[in-house]
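J.: Can you read through this structure? Questions will come right after.
The values are calculated or read from the model by the stated rules, or taken from the named source; none is laboratory data. None of the values given here were measured: they were computed from a predicted structure. Counting neighbours? That spans all protein chains shown, and the Cβs are built from the backbone with ideal geometry, glycine included.
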């Protein structure tokens, strides 16, 4: 793709392709039946060229078709070809590793191999192969080129950059000789039936003779694509992996993936910009490193998050109903601590100590457990959490860590129901409710920790539970709870102002309120 963006279509005047194309096959017949004299005639005609290169392998003596043999007695077109090579004196033929062409005396030979990389794409040119010069290398030498780099990335031009003359036009002398004067002439085939096509970075089927033309052009004009050293590619790969790993710290997986894609896009963009200055930065290795880093970090993230979810689920299953725990898992809270606005409720049994002293311990235990079970069910019913049990006292939290639209209203509904249930069991309870900003998190020592809330609103809720005795009522709430709770319809509850009270830890008096089930409301 980089080649497609930066491929040049500049006109090259020094190199001309004499093309064995479809037009030549139509005029001169099947290529396999061409007598070697065709090439001899063209070579003679190109005697004013700077260099003539034939990308055609003459491995065996010429064989003639039957219709020609009946008119000639042992004709030797090879001798005509040899004379043409001798007369021209500036011809290069392609050679094979195992077999040399039959013509070697009056011309140069060079390996005509075109090597593709492991992915099947031709990217590189060579000056020598197996200790011998290549076809393009020999042509470059004959032009006086000083570029003798053994292995390089070819700076490809498009197929429109080179002038192309049909072989049949050159053979039939339809093109003036002056057209070829002092030019590098390359003779080869682009006809589909010759099957001399290769894949290059920007095209899947590119004629071999045009690849040779590009390599020759690179030699004579000292062009190439500079390949950035592997050590720098390795350094960039390591940096890419480290940055991708750091992005792993992002809490949301989709943000991590999005940022990783942006990072990879910057890598691709950088490689495109460098290629615009003819520096090739191989992105295959960094891409492998990037993909592997993504896979491993996502696998680790999945295992880490699953382990963390199990831990959170274990912690909160003690405080929440099963349905609420599942809802909480969709967006787990920060166990390390975070600020939250919530409502805190303290419920304590009145005169429980005298009752416990007069009653059989087993009966006390059964009745207390029955009481606590009813309280927990009411708390769970209104999406609250049981923070802790303190003897016969229950502490509950509404609005943290699961967010509620009106946590104060839910706490009031739960409190009214708790008073009614306690009365049925035979207990009278006092409930203090307060709303405010608290710090919630997992607190304690490494040996024993618990998820709870701390802050002044918690202390005030506990103090308000004691104020119920002062006003001889079951529920007392602070002004913030009242202000938030009455924003919802209150047909099931009736709020009343009790007055101002001075509580421990507060310099000024605060207005307190109570709530009861509205007469006629279903219990």
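J.: Within the stretch 77-89, identify whether any single residue is assigned to a strand (DSSP E or B), assigned by TED's automatic domain parsing to the domain that holds residue 57 and surrounded by 18 or more Cβ atoms within 10 Å (Cβ to Cβ), and answer yes or no.
T.: Kept after step one, since they are assigned to a strand (DSSP E or B), are these residues of the stretch 77-89: none.
No.
J.: Can you work out which of the residues in the stretch 139-148 that are under 25 Å from residue 57 (Cα atoms) and in contact (Cβ under 8 Å) with a residue 60 or more places away in the chain is surrounded by the fewest Cβ atoms within 10 Å (Cβ to Cβ)?
T.: Among those residues, the one meeting the criterion is 143.
J.: So, one more: Quick one: would you say residue 263 is more than 19 Å from residue 122 (Cβ to Cβ), assigned to a helix (DSSP H, G or I) and either at pLDDT 85 or above or under 12 Å from the mean Cα position of the chain (by Cα) (or both)?
T.: So residue 263 fits the description; yes.
J.: Among the residues of the stretch 203-215, is any in a loop (DSSP other than H, G, I, E, B) and in contact (Cβ under 8 Å) with a residue 40 or more places away in the chain?
T.: No: the stretch 203-215 contains no residue that is in a loop (DSSP other than H, G, I, E, B) and in contact (Cβ under 8 Å) with a residue 40 or more places away in the chain.
J.: Next up: When you scan the stretch 462-478, do you find a residue that is at pLDDT 95 or above and surrounded by fewer than 17 Cβ atoms within 10 Å (Cβ to Cβ), even just one?
T.: no
J.: Now, a different point. Only one residue in 491, 497, 507 is touching a strand residue (DSSP E or B) at 6+ places or on another chain (Cβ under 6 Å) and in the same structural domain as residue 338 (by TED's automatic domain parsing), so which one is that?
T.: Working: 491 fails: touching a strand residue (DSSP E or B) at 6+ places or on another chain (Cβ under 6 Å); 507 fails: touching a strand residue (DSSP E or B) at 6+ places or on another chain (Cβ under 6 Å).
Within the list 491, 497, 507, the selection yields 497.
J.: Here is a list: 398, 427. Which entry is in contact with a helix residue (DSSP H, G or I) (Cβ under 7 Å, 6 or more places away or on another chain), closer than 13 Å to residue 477 by Cβ and surrounded by 19 or more Cβ atoms within 10 Å (Cβ to Cβ)?
T.: Unique residue meeting the criteria: 398.
J.: Here's another thing I want to ask about it. Keeping to the stretch 216-237, report how many residues are assigned to a strand (DSSP E or B) and more than 18 Å from residue 116 (Cβ to Cβ).
T.: 1
J.: Something else about it: Being farther than 21 Å from residue 126 by Cα and part of a loop (DSSP other than H, G, I, E, B) is the filter here; which residues of the stretch 170-202 pass it?
T.: Scanning the stretch 170-202 gives 172, 173, 174, 175, 176, 181, 182, 183, 190, 191, 195.
J.: Right, something else. Against the condition in a helix (DSSP H, G or I), closer than 26 Å to residue 155 by Cβ and either more than 16 Å from the chain's Cα centre (by Cα) or not assigned by TED's automatic domain parsing to the domain that holds residue 46 (or both), how does residue 274 come out, does it pass?
T.: In short, yes.
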